[in-house]
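The values are calculated or read from the model by the stated rules, or taken from the named source; none is laboratory data. All values reported here derive from a predicted model rather than from experimental measurement. Glycine gets a Cβ as well: all are built from the backbone with ideal geometry, and neighbour counts include every protein chain shown. The accessibility values were calculated without ligands, DNA or RNA, using every heavy atom of the protein model including side chains. Shrake-Rupley method; radii C 1.70, N 1.55, O 1.52, S 1.80 Å.
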Amino acid sequence: MTPEYDLIVVGGGPAGSTAATAVAMRGHRVLLLERETFPRYQIGESLLPATVHGLCRILGVADEVARAGFTLKRGGTMRWGRDPRPWQFSFSMTPRLSEPTATAFQVERSRFDEILLRNAGRVGVEVREGSPVRRLVADAERVRGVEYTDPGGNRRTAHARFVFDASGNTSRLQGQVGGARVYSEFFRNLAVFGYYAGGRRLPAPNSGNIFCAAFDAGWLWYIPLRDDLTSVGAVIAPEHVPAVQRDPRAAWQDMIRACPEVDRLVADVPVATEPPYDRVRVRKDYSYWKKTFWAPGIALVGDSACFVDPVLSSGVHLATYGALLAARAVNADLDGSVPEARGFAEFEARYRREYGVFYEFLMAFYDMERNEHSYFWSAKKVTHVDTGEAAAFAELAGGLVSGDAAVVGTRQLGAHWRAAAAELDSAVGRLATADDRINPLLAARVVGETFRTGNELQEQALYGGPLDAPGPTAPGGLAVTTDGLAWTVP
């Protein structure tokens, strides 16, 4: 059998559109199957610079995103830690990236995701919306395609050399790769969120920043999407499920009232009545990963592969970065330069590392919050990390996160995370007295590691490669072609 396609992508969100575009840009045959019809609503509105100035530029869509009128974001503003006053987290963290690229956007995902999907169609991807995938087509050797239902209700089968599952956290396909998901008990939270028809803004030049504020029951996000639209969400412990189930809107507003810093910003501001922003939504905000991200013929990207707590706005970055890594493996296999197994081993090693550095940062970030009287925050200490979860994380990271292969045991990880939290706490404490030329956060190892890959991705887009050669991810690892779209043997 000769497959009709080189790649079939299941799901048209940022991960799916990224993967499909990156493979089609190399002239390969790509089919993208999306269950819904765009534009459609999605949460996850706060982006990082690596997505805006790295990924989008590699895909050729950066200028269109810049013209879309999204709210400019220079970093984050936090009420988090020992100091009761908010502090700033700026993206201006490396002198190599000029001011315009040290920013990101707050986006309405319905608009941003459609920009990426339509761009995929322009570069040659065959996009079929309203086409849910029913199951994988596979034999004893590999996955070879999918069965799906077309918009007319007809069952169809399509075959390809590779299939990517980018169908999100509710994926029905991911269970066929790497077994069950590994769920984090430490980040096992609940998110309840909605929108206001406006809201006060932080002082310039940080008026477009995301504002995250810790309070007794958890933490709140406050994202200025437009002058007349603000996303507000609470991340809380699962113990609040009964109250949320009884009345989600009342529970949401109770959480906002419990956080004075956010409550002041929406005082006397009406809730949004514009669809789809007129609803209060609830999501089990669980963090998870898979023991394996690929098998012969198939790879998991985006939320079908992994998800981590959203306080650092990492969702779209992890999804699109993982998709680009997988696309590099496909392109390198199809052009004969790197065989499938080696290319996808590189994909998995780098994807695991990137997930791991964000997970590690968040461990330190949660631990530095000093709300000792809160049940929520007293449980969010590294000393309370479940032993099984620490062991599972050690297996996931394999020493790549810290750069120290000795940090693999649960006891060593606990000490490692406590040291990272203390270092981050100290760096935040020095922000108030630092001058404009020195960012104390740069000196914190966990911060530098978290943003290193994003900086390299931006340098790849701007200069054709990192300004400092990063070297392979692991012994025998691969390098990246100058266009960022494939692996190459160094």
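Details
One line per residue, one yes/no per condition, for (1) in contact with an Asp or Glu (Cβ under 8 Å, 6 or more places away or on another chain); (2) surrounded by fewer than 21 Cβ atoms within 10 Å (Cβ to Cβ):
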site	(1), (2)
GLU36	yes, yes
GLU45	yes, no
PRO49	no, no
ILE58	yes, no
LYS73	no, no
ASP83	no, yes
SER92	yes, yes
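- One residue alone among LEU312, LEU325 is at pLDDT below 95 and either small (Gly, Ala, Ser) or closer than 23 Å to ILE58 by Cβ (or both), and that residue is LEU312.
- Residue within segment 307-326 that is part of a helix (DSSP H, G or I), of a type in the set (Phe, Trp, Tyr), open to solvent by less than 30 Å² (accessible area, probe 1.4 Å) and farther than 28 Å from SER110 by Cβ present: no
- Within segment 439-452, residues that are basic (Lys, Arg) reach partners that are open to solvent by 40 Å² or more (accessible area, probe 1.4 Å) and part of a helix (DSSP H, G or I) with beta carbons closer than 8 Å, at six or more positions or on different chains, in the pairs ARG445/GLU423.
- The sole residue among VAL125, VAL137 that is within 28 Å of the chain's Cα centre (by Cα) and open to solvent by less than 50 Å² (accessible area, probe 1.4 Å) is VAL125.
- Set ARG350, ARG370: member being open to solvent by 10 Å² or more (accessible area, probe 1.4 Å), closer than 26 Å to SER46 by Cβ and not in a helix (DSSP H, G or I): ARG370
- Within segment 149-194, the set of residues being crowded, with 21+ Cβ neighbours inside 10 Å, under 21 Å from the mean Cα position of the chain (by Cα) and not aliphatic (A, V, I, L, M) comprises PHE164, ASP165, SER167, SER171, GLN174, SER184, PHE186, PHE187, ASN189, PHE193, GLY194.
- Identity of the residue in segment 373-397, assigned to a helix (DSSP H, G or I) and polar (S, T, N, Q), that ends up least open to solvent (accessible area, probe 1.4 Å): SER378
- If you go through segment 391-409 and keep only what is more than 21 Å from the chain's Cα centre (by Cα) and at pLDDT 85 or above, you end up with just ALA391.
- Number of residues in segment 225-238 that are open to solvent by 40 Å² or more (accessible area, probe 1.4 Å) and in contact (Cβ under 8 Å) with a residue 60 or more places away in the chain equals 1.
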